[in-house]
Amino acid sequence: MPGPVSAADLAKVTLKVGDQKGGVKSLLTAAGQLDGTPYKIEWATFTSGPPLLEAASAGAIDTGRVGNTPPIFAAAAKAKIKVISVSRSNVEREAVLVPPDSPLRSVAELKGKTIGVAKGTSAHGQLLNTLHNNGLSTKDVKLNFLQPSEAYAAFTQHTIDAWAIWDPYTAQAQIEAHARVLADGRGASNGLGFLTASTAALADPGKNSALRDFAVRVVKAQKWADTHRPEWAAAWAKETGLKLEVARKAVDAGRDLPIALDDAVVAAEQQLADAFTEEKTLPGKVDFAAFADRRFAADLDQARSNG
């Protein structure tokens, strides 16, 4: 692991950060955590976690936050990434949605139906487990792999029967399309989300130091957001173009708080990875522990304790 660098060297670093509509940039901005960063930040926006991690593995970005499933697919593809910190959110906001006039009333009735989902995302993982919990597999349904904006259009046009998705899209579909929740993530999702980093960035002394600082800022921002929900919702809406009521619904729905990247987290991810392997969605067994990098644990523990 590279050692610390001087302030002068850190000032020369540009950290390339991938973001989604989950709004890391807006979160950090609202919490005041982008003030006075001792390095430069370049932002890039992605539709979901899998393309973000592809970019990280290719060296196009250095870091970014994703849900619980993208790191598993990245690990299966032998991507050059690691998870460096973790948070847990309210799994009720990960949902399988149906239109308000849908005749579907139970998960079992999804058999033979078409479900929109972004491949390799947290929604894909939640859908897999939701089906398993109800005696089905992904082979019993028709999966239409769509990114969120495409899936939202398909959902509102009734070209898919159901949509597996996460917030803020869950809130958006409920408010704008009056979507009904067929099943949520309770008992089907571990609720984990990860800050990831490319192995190239972690090996670079300057970027490694920047990543340590950035990861701490994310932890502090998450803690701030939990006690400043109206301010966070307003900032999220402004940054992403979400309707304020959508952002408020997503923010009010539950917490997303940092936790330790411990053995229990690794075990939960391994369980999800094994479920995908058993379905033959992944080509072979994934060793998730090999993709967990705990080098910043002491700094993150302190940030969680002190705010």
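Every number in this text was worked out from the coordinates using simple rules, so none of it is lab data. These numbers were taken from a predicted model, which means no experiment stands behind them. As a convention, Cβ positions derive from the backbone with ideal geometry for all residues, glycine included, and neighbour counts pool all protein chains shown.
If each residue of separation counts as 0.36 nm, what is the full-extension length gain between Ser106 and Asn133 once their alpha-carbon separation is subtracted?
Contour length minus Cα-Cα distance gives 8.5 nm.
Could you tell me the center-to-center distance, by alpha carbons, between region 196-246 and region 24-103 in angstrom?
Between the Cα centre of region 196-246 and that of region 24-103, the gap is 10 Å.
Would you mind classifying region 91-184 by shape? Square roots of the alpha carbon gyration tensor eigenvalues, ordered a ≥ b ≥ c; an a/c under 1.5 is rounded, otherwise it is prolate if a/b is larger than b/c and oblate if not.
rounded
Quick one: dipole size for the chain, taken about the Cα centre, charges +1 on Lys/Arg Cβ and -1 on Asp/Glu Cβ, in debye to the nearest 20.
Using only the charged Cβ atoms, the result is roughly 200 debye.
So for region 91-184, taking the charge dipole from beta-carbon charges (+1 Lys/Arg, -1 Asp/Glu), which of Val91, Gln174, His158 sits furthest toward the positive end?
The one lying farthest along the dipole's positive direction is His158.
Rounding to the nearest 20 debye, state how big the charge dipole of region 91-184 is about its Cα centre with +1 on each Lys and Arg Cβ and -1 on each Asp and Glu Cβ.
Taking the Cα centre of region 91-184 as origin, the dipole is about 300 debye.
Which angle between 0 and 90 degrees, to the nearest 10, do you get for helix 122-133 versus the longest principal axis of the chain when only C-alpha atoms count?
40 degrees
If you compute semi-axes √(5λ) of the Cα gyration tensor in Å for the structure shown, which of (i) 40, 28, 17; (ii) 36, 26, 21; (iii) 32, 22, 16 do you land on?
(iii)
Give the residues of region 176-190 whose amide nitrogen is closer than 14 Å to a point set 7 Å from the Cα of Leu257 in the direction of its Cβ.
Within reach of a label on Leu257: no residues.
Per the helix-only calculation at 222 nm, which mean residue ellipticity applies to the chain, given -39500 (n - 2.57) for every DSSP H run of n ≥ 4 and division by its residues, nearest 500 deg cm²/dmol?
-12500 deg cm²/dmol
Helix 229-240 versus the longest principal axis of the chain: what angle, 0 to 90°, nearest 10, using Cα atoms?
90 degrees
As I understand it, the value is the acute angle between the Cα axis of helix 205-227 and the longest principal axis of the Cα atoms of the chain; what does it come to in degrees, rounded to 10?
50 degrees
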